[in-house]
Amino acid sequence: MLDIRRISTSRWWHKKKNWIFFGIFLFLFYVRISKGSFYKDIYYFISQPFWPGQFQKEIILKSIDQESLIKLNLLKKDNKRLRAILSLQESSDNDDILAAVISRKTGSWWRQIILNKGSKDGVKIGSTVLGPGGLLGRVNNTSYLTSSVTLLTSPVSKVGVWVDRIEISGLLVGLGNDYPSLMLYSKDADIKVGDFVSSSPASTLLPPNIPIGIVQSIDEPSEAKKTAKILLLAKPQAIDWVQILNSKI
């Protein structure tokens, strides 16, 4: 009888230490499959005392008004035949969300920011994110209370753009530094330093005519394309408030 008791008490589930390790394993497994959503929600509460204040919120609202004037001028030049052909819907301000930046990784390879608005606020994956000056990036992940934004400078970022002066489309690709690369698939494109770049009227991912940046320098053309370095108008390392566009296009 004594031997039977010894065998039963020696089994792993009778040891408290084993249950502790098992609990840690389950927690780490949950964090892995949820892509860190639980951690981000905890960070949401911890970071609340350090969120940007009301004064900075007023600054971002004024910047948005100035940006709207630029967008209005671009809309006048919008290519109506492209939007008619593609049957694209116009964006609406009714679904816009104002959010604070609570964490940023602007100097690392991942190049992203985390916002204090998540799925409970209606933020959706793929939503367009604007800062003072223009486009910042797109939402790539949401938790209940937060959302992560892939910046235009991230190596995984690729968006269609429009060079207004020469009326030509291109592709803006993040390189992991502060200056994404504009690719024009024509080595004869008459692009110049100072040309203004905005989101493409033909884009299916972004609303049209969002200010993005200015051509800073032009690379030597290759056989099939011409590339240029773009100075972004919106600076993610200096932005505390952003605008999330949830409208469909």
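Read-outs throughout are calculated quantities, based only on the coordinates presented, and are distinct from any laboratory measurement. Just so we're clear, the structure is a prediction, and the values are computed from it rather than from any experiment. Cβ coordinates were reconstructed from backbone atoms using ideal geometry, including for glycine residues, and neighbour counts include every protein chain displayed.
Summary of packing: across the peptides 123-129, 239-245, the per-residue average of other C-beta atoms within 10 Å ranks them, highest first, as 239-245, 123-129.
Estimated at 0.36 nm per residue, the fully extended path between residue 20 and residue 223 surpasses their Cα-Cα distance by 66.9 nm. When peptides 201-210, 138-147, 217-226, 163-172 are ranked by their average number of other Cβ atoms within 10 Å per residue, the highest-first order is 138-147, 201-210, 163-172, 217-226.
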